[in-house]
Structures are given as C-alpha cells and as structure tokens.
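Worksheet: one structure, shown below.
The values are calculated or read from the model by the stated rules, or taken from the named source; none is laboratory data. Given the structure is predicted, the values throughout are model-derived calculations rather than measurements. Neighbour counts run over all protein chains shown; Cβ positions are idealised from the backbone, glycine included. Side chains included, ligands, DNA and RNA excluded: accessible areas come from the protein's heavy atoms. Shrake-Rupley method; radii C 1.70, N 1.55, O 1.52, S 1.80 Å.
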Amino acid sequence: MNYLGWIIIACEVSFWVVILLGLMGRYLLQLQKLGFLLLASTPIIDLLLIIITSIDLYRGATATLAHGIAAVYIGVSLAFGKSMINWMDEKFQFYIMKKPSAKPVKRYGIPFAKHYGKGFIKHVVAFTIGVAILEMMIIYIQDPQRTEALNTMVSVWLIVLAIDLYITTSYFIWPKKEKTAKKPH
C-alpha cells in the first residue's frame, strides 16, 4: 500500500478519535466548548486529506485507487459526518454515560425503510460530492493515462449506488420485520 493509503487510514482513525475525544470532553469532563470544538473540527481532517491528495497529484503522481478512495472518503464524510457523530453520541450516552433515555431506537417496517431511504439520499449526496472531486482531479491532470483509476472509481461507485438503491427499494417492498422469540419445543 502506498503512503496515501496509509494517510486515508490515519484520517479515518483520526476522525473517530476526534469524535470520541469530543464526546468525552462534552460528557465526562463537562467541558461543553471543548467538546463542541473537537466535534466541529472533524472537517479539518477532510481538508488535510484534500490538500495531501492534491499535492501528490500536482507533483505528477499517476492517480491510483488510493486517490479515488480519498475522494470517496471526503464525499462520505461530508454527507454522513453529522449523522455519524449523532450515532456515536447516542451510543456514548447509552453505553458509557448509562442514560436509558438515549437507548438506540430499533426500527422495523416502513419506519425502517424510510430511515434507510434517508441514508440512501445521503449516499447520493456523498456520490455527487465524491464524483465532483474525482472529475476536478481528472480535469486538473488532463492526462487520461494518469487518471484511469479515477474513472474506474466513478464506475465502481455507480454500481455500489445502484446496489444501495435496490436494497433501499426492497425495504419498502418487503419491510423489515421485528424478530420474534422462538418458542421452545
């Protein structure tokens, strides 16, 4: 794996560490401003990844799968970032702070399908952002041989988006049912 792959992994780990530190500051240390600042700083990680990726391409690197994944990471982080933070906040309150009022909601049927559908809309937003970044890289480099991996990433992501649409639609057609306890024989 090249260095950009390791940077992407470091960004992902940093994202979750910063969120965890922000929640610890907010709830365990009762430092609301510190918690807010840490949680609000997560886009800085995305900015650093954009800068590093751009510098690498500017210096003449041939775009690789890692460059494509960087664009996907940024799109997903921007589209899902707030909901990921809210998800982690909910888990932190329930499992760490032991707040029963923060118990994660279990959804079934059409409410589950609607919730999943909202996630699909965010996936479309992530796709739009990520593909815009990929296309900007392609336009900037202006060398089809150096950007082949980026075009491949767009194609693969489009397939993933289509699969997600199929899954989302299936939840409306065949709603998820609540699991029932099996009776002993």
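Points to keep in mind about this one:
- Cα-based reach from Lys106 at 14 Å (exclusive), listing aspartates and glutamates while leaving out same-chain residues under 8 positions away: Glu90, Glu178
- With every protein chain in place, the range 1-92: carbon and sulfur % of accessible area (1.4 Å): 75
- Three-way shape label, the range 76-176, alpha-carbon gyration tensor, a/c 1.5: oblate
- HN-Hα J in Hz across the range 112-122 - Karplus 6.51, -1.76, 1.60, θ = phi - 60°, x for Gly and Pro: 5, 4, 5, 4, 5, x, 4, x, 5, 4, 5
- Rounded to the nearest 0.05, the FRET efficiency derived from the C-beta distance between Ala132 and Val105 at R0 = 35 Å is 0.60.
- For the chain, the relative contact order is 24 percent, taking Cα pairs closer than 8 Å that sit 6 or more residues apart in sequence and dividing their mean separation by the residue count.
- Gyration tensor (alpha-carbon) shape descriptor, the range 75-129, a/c threshold 1.5: oblate
- The chain: angle of helix 42-58 to the longest principal axis, Cα-based, in degrees nearest 10: 20
- Restricting the range 119-185 to GluC sites (Glu not before Pro) in coil, as DSSP defines it, with at most 14 other Cβ within 10 Å: Glu178
- Only lysines eight or more places from Lys99 in sequence, or on another chain, were considered; those with a Cα closer than 18 Å are Lys91.
- Computed from label points 7 Å out along Cα-Cβ, the spacing between Leu21 and Trp174 is 4.6 nm.
- Under the Karplus curve 6.51 cos²θ - 1.76 cosθ + 1.60, θ = phi - 60°, whole-Hz ³J(HN,Hα) for the range 170-178, x wherever Gly or Pro sits: 4, 5, 7, 7, 10, x, 5, 9, 5
- Above 25 Å, the calculated P(r) of the range 1-103 contains 30 percent of its Cα-Cα pairs.
- Tail fraction, Cα-Cα pairs, the chain, threshold 26 Å, whole percent: 46
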